[in-house]
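First the structure, in the form of structure tokens, and then the observations on it.
The values are calculated or read from the model by the stated rules, or taken from the named source; none is laboratory data. Small disclaimer: the values here were computed from a predicted structure and weren't measured. Please note: Cβ atoms are built from the backbone with ideal geometry, for glycine as well, and neighbour counts cover all protein chains shown.
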Amino acid sequence: MRLSQTFFARAGPFLPEMVTVDATPILIQVAMATLETAVASPSGASAVESQALGLPDFSSDSYKDAYSRINAIVIEGEQEAHDNYISIGTLIPEQAEELTKLARMELKHMRGFTACASNLGVTADMPFAKEFFLPLHQNFQTALAEGKVVTCLLIQAILIEAFAISAYHIYIPVADPFARKITEGVVKDEYTHLNYGQEWLKANLDTARQELEQANRQNLPLVRKMLEQVAGDAAVLQMDQEDLMADFLSSYQEALVEVGFTNREIAKMAAAALVG
Ligand SMILES: [Fe+2]
Ligand SMILES: [Fe+2]
């Protein structure tokens, strides 16, 4: 029942501006100072500085081990997002140009997160990440083959984007200074993508409603499982699972409000995560 409790407790708008609200002035000052010394210390902060700030030790083996999987998930997620937007463009050819722009942004994100791993001297565990995304990947591919644009948009532009936004929100306050700067830039773009999905589904809600509800029932439980699966590694990075879940549901709920669902309909759709 914890899921539904956090859902209602955290219900409400979560705007991009709020990302910076979490960062206290002292953190920003230290981050700026450590960025200047990033050449001497690739993570941008020494173990002593990190501990003093209550941040993880970015150079520890346990951090790097967890980061190799989390970072791989992020890289794979950005790659999937790129491929998915290109694919969606084949289903709505009149939108292909716009969707190609979104896809390009995803590749830029991917390159940014690849640089984050290099900066920490970490090799991303890509086979793990491919496996992690497989169920959602397969559902997307099936929907694509059937020409189900509504399902494709729900998976990519609502669920994956909301998942990414929540992960980046929770990561930013505990990230190393180099990764923090990159992630802050990325999260703004992800809102643009979420917005794209919202607007398309809103404009087509009359015909999309039934497919949307069914696609949600099939795919929201997968996202819940992904959030659960990542919890152990996320905890090593000081990212709290309940915060991740709450933030995800916040973004997801906001998106569905924008699409035109009532609170009761959204609660019912969110319940799919509990029973799936
Ligand atoms: Fe992205
Ligand atoms: Fe995106």
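Of everything listed in (1) more than 14 Å from MET226 (Cβ to Cβ); (2) surrounded by fewer than 23 Cβ atoms within 10 Å (Cβ to Cβ); (3) among the aliphatic types (A, V, I, L, M); (4) away from ligand 2 (no atom under 16 Å from the Cβ), the single unmet condition for LEU134 is (1). Here is the figure for the stretch 108-122: residues that are more than 9 Å from ligand 1 (Cβ to nearest atom) and without any contact (Cβ under 8 Å) to a residue 60 or more places away in the chain total 5. Within the stretch 106-127, if we keep just the residues that are more than 21 Å from PRO177 (Cβ to Cβ) and buried (at least 19 other Cβ atoms within 10 Å of the Cβ), the residue that is farthest from ligand 2 (Cβ to nearest atom) turns out to be ASP125. Residues that are more than 25 Å from ARG69 (Cα to Cα) and touching a residue at least 24 places away in the same chain (Cβ under 8 Å) within the stretch 126-153 comprise ALA143, LEU144, GLY147, LYS148, VAL149, VAL150, THR151, CYS152, LEU153, listed in sequence order.
LEU256 meets the conditions (1) over 19 Å from ALA208 (Cβ atoms); (2) part of a helix (DSSP H, G or I) in every case but one. The failed one is (1). The residues listed here are ALA145, ALA203, ALA208; of these, the one that is surrounded by 21 or more Cβ atoms within 10 Å (Cβ to Cβ), more than 12 Å from the chain's Cα centre (by Cα), away from ligand 2 (no atom under 16 Å from the Cβ) and at pLDDT 95 or above is ALA208. Quick check on ILE73: is it buried (at least 18 other Cβ atoms within 10 Å of the Cβ), at pLDDT 95 or above and of a type outside the set (Phe, Trp, Tyr)? Considered against the rule, which asks whether it is buried (at least 18 other Cβ atoms within 10 Å of the Cβ), at pLDDT 95 or above and of a type outside the set (Phe, Trp, Tyr), ILE73 comes out as yes.
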